[in-house]
1. Could you point to the residue in 238, 266, 281 farthest towards the positive end of the stretch 210-285's charge dipole, with +1 and -1 charges on the Cβ of Lys/Arg and Asp/Glu respectively?
2. Could you work out the pair-distance distribution P(r) of the stretch 103-207 from its alpha-carbon pairs, with 5 angstrom bin width and percents rounded to whole numbers?
3. Let me check I've understood the local charge: for residue 217, count other residues with C-beta under 14 angstrom from its C-beta, Lys and Arg +1, Asp and Glu -1. What total comes out?
4. Remind me, relative contact order of the chain in percent, using alpha carbon pairs under 8 angstrom and six or more residues apart?
5. Cα centroids of the stretch 220-253 and the stretch 101-134: how far apart, whole angstrom?
6. Once label points are set 7 Å from the Cα along Cα→Cβ at both residue 48 and residue 222, what is their separation, rounded to one decimal in nm?
7. Any idea what log10 I(q)/I(0) is at q = 0.14, 0.18, 0.21 Å⁻¹ for the stretch 151-252, Debye with uniform C-alpha scatterers and no solvent?
8. Rounded to the nearest 500, what is the chain's calculated 222 nm mean residue ellipticity when only DSSP H runs of at least 4 contribute -39500 (n - 2.57) each, over all residues?
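Quick note: the coordinates plus some simple rules give every number you see, no bench work behind them. In this text, all values refer to a predicted model and were calculated from it rather than measured experimentally. For neighbour counting, all protein chains shown are included, and Cβ atoms are generated from backbone atoms with ideal geometry for every residue, glycine included.
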Amino acid sequence: MRICRSFPLPFLLLGLVLISAPALRAGTICLAWDPAPGATGYRVHYGTSPGQYTGIEDVGSGTQVDLEGLNDCTTYYLAVKAYNQDGESADFSNEVSGWPRPRITSLDPGDFAQGEQVTVDLLGANFQQGAELLIDPSSVPTDASDHPLVRLENVVVLSCNRIQALITVEPTARGLRAMEVGEFSLQMEVRNPDTVFGARSELLEVVFDASRADINRSDSTTTDRVDGKDLSWLTYSHGSVEGEPYYIADADLNGDGQVDGVDLSWLAARFGQCRDGAGWSASACE
């Protein structure tokens, strides 16, 4: 953004940009500009029509402001005037426009089973068509090879308040260490095509996949049945940690990198049960 003309003091051209910040205040546009020599203050003018400014914010000598309380999913047009003791610049700077920055309010659902693929809705405001939904890699649990265990794809902006995406909790195949059971803080970010973004930490809960108690999959006669063969596999691997010769990833039921009493308790809870279309039960084994 540039000041085309100024009041008598020697002003440099003024650059004005929309910027992002992680705060989640509703209806917020964050604006920053280059200082103009000789200015003691600035006024930001804004409105919902080009050149028609219905709001004014005097920011004093600062060169950045958060304009709050704006309407979501609405285009605002903004320009700045500089002032000092001799008065205010005769003309506005060049005008910039944009929506308030994206704001994430919730992820639905927020709980997933190990190895599950789930279509989720990300709710909030100010999601523009073409927006990206990103996950901070540092907030995603990884396996022993540092591969992320949460994958995001098929992102679609359904409205300015809703984004839909497919979340995969890896791995979906046997023979690999499962995602650990528990709660994780997942840092998510929505970045609009104009590069303005909003971020939020969402709680991701991973629950135990009951089918993992059926450890032994090599014998088709006991598939979908938790019995002594599954207990034998877990017993063989009991006390091992990932990377050791006796470690069996499928016996690490809770995915914490070791086969121990916790895994035994998970197996015990399903012992003597079989799976049918309705789930796991002892009656399904009859």
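1. Final value for the positive-end residue is 281.
2. Taking all Cα pairs of the stretch 103-207, the binned fractions are 2, 13, 24, 25, 17, 10, 6, 2, 0 percent.
3. -2
4. 14
5. With the stretch 220-253 and the stretch 101-134 each reduced to a Cα centre, they are spaced 35 Å.
6. Reported label-point gap for residue 48 and residue 222 is 6.8 nm.
7. The calculated log intensity ratios at q = 0.14, 0.18, 0.21 Å⁻¹ are -0.72, -0.94, -1.14.
8. Using -39500 (n - 2.57) per qualifying helix, the result is -2000 deg cm²/dmol.
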